[in-house]
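Visitor: Handing you a structure now.
Here, each number is a calculation from the coordinates, and none is a lab measurement. Keep in mind the model is a prediction, meaning the values are calculated, not measured. Cβ sites come from the backbone with ideal geometry, for glycine too, and all protein chains shown count toward neighbours.
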Amino acid sequence: MNATELQKMSKAGLINHIMKIQMDEGKEVDYDKVEERLREKDDKILELMSKQKVDRVKDWKEWSDKMVEYIAKFTVSKYGQNENSIDLMVMTTPKVCVWQILKYCFRLWGNKGKTNDLHKICHYAQLAYTLSKGDLSKAGITNDKGD
């Protein structure tokens, strides 16, 4: 069993797994062995987590660069961005953007997601913020408690 499989398994599940192996081998359950395996699981998870460094600011900047590419390639080319074009987003509301976010989230949730759905979710979040001019209640956000 590798570290990823161990990480997914709960401690109760791991205890049952170890006990089943011991019983299948015709052995009496060795609870010291079970406890030792649990410590190994914790050590492997900690080792795995230490290798997976997260730099949220750097990661966001990389994603932001991808969003700029996406908007330039797909959105601007589709809807235009010059003095002769009218972008219908200026006539919509922040809540419509939230509905669009939900639409794409549900599509992903139902395993029917398309290549740029995450990009669209992020872009609609940005549009909701921009259209609300910082008044997030216009997007339906009324709880100011943060997380």
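Visitor: Determine, from the Cβ-Cβ distance of Ala125 and Lys53 and an R0 of 30 Å, the FRET efficiency 1/(1 + (r/R0)^6), rounded to the nearest 0.05. Walk me through the intermediate numbers first.
Guide: On the way: r = 26 Å, r/R0 = 0.86.
Once the sixth-power term is evaluated, E becomes 0.70.
Visitor: So, one more: Label-point separation (nm) for Lys133 and Trp99, each offset 7 Å from Cα along Cα-to-Cβ?
Guide: 2.3
Visitor: Sticking with the crude label model, points 7 Å out along Cα→Cβ, report the distance from Glu40 to Ile71 in nm, one decimal please.
Guide: Distance between label points: 5.1 nm.
Visitor: Right, here's the next one. Tell me the trypsin sites (Lys or Arg not before Pro) within the range 57-143 that lie in a loop according to DSSP and have at most 14 other beta-carbon atoms within 10 Å.
Guide: Values: sites: Lys58, Lys61, Lys66, Lys73, Lys78, Lys95, Lys103, Arg107, Lys112, Lys114, Lys120, Lys133, Lys138; in loops: Lys112, Lys114, Lys133.
Of the trypsin sites (Lys or Arg not before Pro), the ones in loops of the range 57-143 whose Cβ has at most 14 other Cβ atoms within 10 Å are Lys112, Lys114, Lys133.
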